[in-house]
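In what follows, a structure is listed as structure tokens, so that the remarks can point back to it.
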Amino acid sequence: QVQLAESGGGLVQPGGSLKLSCVDSGNVFARYAVVWYRRAPGKQRELVAGISSGGVVRYADSVRGRFTISRDNAKNVVYLQMNSLKPEDTAVYSCNTGNSYLSDPYPGPYWGQGTQVTVSS
């Protein structure tokens, strides 16, 4: 069974960096696409970045060139490296999995609890 846990959030100044991790303690999500979503206060949930089981990636236009998603299937972990952070990146970041394809239009059934990222001076 998939059990996701995110870590790595925190408070960072504009222009700074953070690296988020999403670990599956159930050791099964290597077969699935994994997607990072975020939700800012008063806004709808937004897809940030996704990676297929084979390593194909996609990014939201708002983060392309600043964020990098990667995965280590041997360790059952997906990373989101976030550079050049902006105040508008402030949100709760959650990882999601359970879909076979990165192109699936809806989130998969498994969610982590989320981690808060705050970008502020």
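Find out how many positive minus negative residues lie around N99, taking Lys and Arg as positive, Asp and Glu as negative, among other residues whose Cβ is under 15 Å from that of N99.
Values: positive: R31, R58, R71; negative: D24, D104.
Taking every Cβ under 15 Å from that of N99, the sum is +1.
Might you tell me the accessible area per residue for the chain, computed with a 1.4 Å probe and given in Å²? Don't jump to the answer; show the numbers that get you there.
On the way: 6210 Å² over 121 residues.
In whole numbers, the chain has 51 Å² accessible per residue.
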Could you please state how large a percent of the accessible area of the chain is carbon and sulfur, counting protein chains only and using a 1.4 Å probe?
47
Two pseudo-spin positions, 7 Å from Cα along C-beta at S121 and at E46, lie apart in nanometres by 2.1
Under 26 Å Cα-Cα from K75, which lysines qualify once same-chain neighbours fewer than 8 residues away are excluded?
K19
Tell me the relative contact order for the range 38-102 as a rounded percent, counting alpha carbon contacts under 8 Å between residues six or more apart.
33
Can you work out the PRE-style zone for S103? Point 7 Å along Cα to Cβ, and I want the residues of the range 1-38 with backbone N under 18 Å.
32-35
Estimated distance in nm for a label pair at R58 and S25, the labels positioned 7 Å out from Cα along Cα-to-Cβ:
3.1
Chymotrypsin sites (Phe, Trp or Tyr not before Pro) restricted to the range 16-121 and DSSP loop, no more than 13 other C-beta within 10 Å:
Y101
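The values are calculated or read from the model by the stated rules, or taken from the named source; none is laboratory data. Just so it is clear, the structure is predicted and the values come from calculations on it, not from any experiment. Cβ coordinates were reconstructed from backbone atoms using ideal geometry, including for glycine residues, and neighbour counts include every protein chain displayed. Only protein heavy atoms, including side chains, enter the accessible area calculation; ligands, DNA and RNA are left aside. Shrake-Rupley method; radii C 1.70, N 1.55, O 1.52, S 1.80 Å.
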